[in-house]
Structures are given as C-alpha cells and as structure tokens.
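Below is one structure, written out as structure tokens; the observations come after it.
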Amino acid sequence: SSVREALITLESQGLLNRGNNGTYVTADFSEIIEESLKLQILLSDAKYEDIQRTRVMLERELIQLATTKRTEEHLKNLKECIEQMDKAIELEDKDLFIEADIAFHNEIAVAADNSVLLFLYNTISHLIFKIQTTVAYAYDENVVNVSQNFHKAIYQALVDKDLEMAKKQLVDHLNDVENRINKLNEMEKIAREQLQNLE
C-alpha cells in the first residue's frame with residue numbers, strides 16, 4: 001500500500017505515467033520540476049527585490065561562463081535576437097521586442113554551458129520577464145532604446161571575450177530595469193494617495 005500511495009503521488013506530480021502497459025518515468029520532467037519551484041516561489045509570497053537579486057547573481061555568473069565558453073553559434077543566435085529587437089523598435093512592436101529580449105538572455109544562459117545554473121535561471125526568468133513586461137508598457141519608447149543599447153554592448157563584450165565589460169554592461173542593464181520598476185511602483189503609490197485625498 002505504501003508503494004501504491006507513492007506511485008499515486010508521483011503520478012499526480014507528473015513524474016510518472018501510468019497505463020495498461022505499466023508505469024513509466026516521464027521522459028522529460030525537468031520542466032515539471034521547474035514549474036514546481038516557480039509555484040513555491042509564488043506561494044511563498046517572495047518579494048520582487050529578492051527575485052531580482054537572485055537573477056542578478058545568476059546572470060552575473062552565467063555571463064562570466066558565457067564569455068569564455070560561447071561559440072560562434074551562440075554569437076549568431078544573439079545577433080539574431082538583436083536584429084529582431086531592432087526590427088521591433090522600428091515597428092513599435094513591444095511584444096516582439098520582449099520576445100527577442102527573453103531569447104537574448106536565455107541564449108546567454110545556454111552559452112554558459114552549465115546545466116544546473118540554466119535550470120535555476122529558467123525557474124525564475126519567467127517571473128522576472130512578466131514583471132518587466134509591465135515596465136515596457138508603462139514607460140515611453142525610450143525604455144526599449146536604452147535596453148537595446150545595453151544588449152548591443154553585452155553582445156560586443158561577448159564577441160571580444162571582455163569579461164569585465166560583459167559583467168559591467170549586464171549588471172548596469174539589470175539595475176536600470178530594477179530602477180524603472182521601483183520608480184513605477186512609486187508612481188503608482190503616489191497616484192493612489194492622490195486619489196484617496198480626493199475622496
């Protein structure tokens with residue numbers, strides 16, 4: 001009975017498939033584990049600041065590894081992301097820009113060639129980009145231009161294998177995003193207070 005209960009639990013978590021032909025381990029359950037960790041972060045009511053700090057720590061390490069491990073294929077993919085973002089700016093298509101932005105940062109994580117760090121990055125990245133989407137739509141067009149300048153500088157540092165410049169541009173980029181979100185939150189707080197004063 002203990003084994004039966006364990007199998008039921010593992011099946012409910014998506015780690016096992018049970019059928020008439022027997023019980024099998026799910027072919028690829030890394031995504032299921034990632035989703036489980038994401039859910040734990042959300043349910044723990046984690047602060048955005050904590051998630052952002054974790055992202056900075058992870059991406060700083062990822063770009064350090066990517067600077068030395070990146071291949072020509074990685075650089076090609078990063079360049080395509082930048083070209084896609086340039087196109088998005090020209091078309092004033094923020095959805096396209098965000099999609100390419102996510103792909104750009106993910107490619108850096110892949111280029112680092114560290115499966116554990118990539119797993120951790122994937123766990124929190126969708127939470128971060130969901131918040132950043134708000135920033136992209138709440139601010140004027142300048143936000144995507146500033147972000148794109150950082151992306152191009154990061155790309156060039158990776159091309160040159162300039163570790164210090166790559167880390168500096170990345171951290172400056174992430175700090176800029178965080179500052180914009182903090183300002184946005186402050187603006188919303190002021191607006192709420194003003195509305196309350198009118199009541």
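Confirm whether Ala88 is at pLDDT 60 or above and among the hydrophobic types (A, V, I, L, M, F, W, C). So Ala88 fits the description; yes. Taken over region 68-90, residues that are loosely packed, with under 14 Cβ neighbours inside 10 Å and closer than 17 Å to Asn149 by Cα amount to 3. Go through (1) within 26 Å of Lys87 (Cβ to Cβ); (2) open to solvent by less than 60 Å² (accessible area, probe 1.4 Å); (3) modelled with pLDDT of 90 or more one by one and return the number of the condition Leu163 breaks. So Leu163 meets the others, but not (1). For region 81-113, name all the residues that are polar (S, T, N, Q) and within 17 Å of Glu59 (Cα to Cα). Within region 81-113, Asn106 is the sole residue that qualifies. Restricting attention to region 36-67, the residues that are over 21 Å from Phe150 (Cβ atoms), open to solvent by 30 Å² or more (accessible area, probe 1.4 Å) and either in a helix (DSSP H, G or I) or at pLDDT 85 or above (or both) total 8.
Picking from residues in region 103-125 that are modelled with pLDDT under 90 and open to solvent by 60 Å² or more (accessible area, probe 1.4 Å), the one that is nearest to the chain's Cα centre (by Cα) is Leu120.
The values are calculated or read from the model by the stated rules, or taken from the named source; none is laboratory data. Predicted model only: the values in this text are computed from it and were never measured. Here the Cβ is made from the backbone with ideal geometry for all residues, glycine too, and neighbour counts use every protein chain on show. Each accessible area value is taken on the protein alone, full model and side chains, heavy atoms only, with ligands, DNA and RNA left out. Shrake-Rupley method; radii C 1.70, N 1.55, O 1.52, S 1.80 Å.
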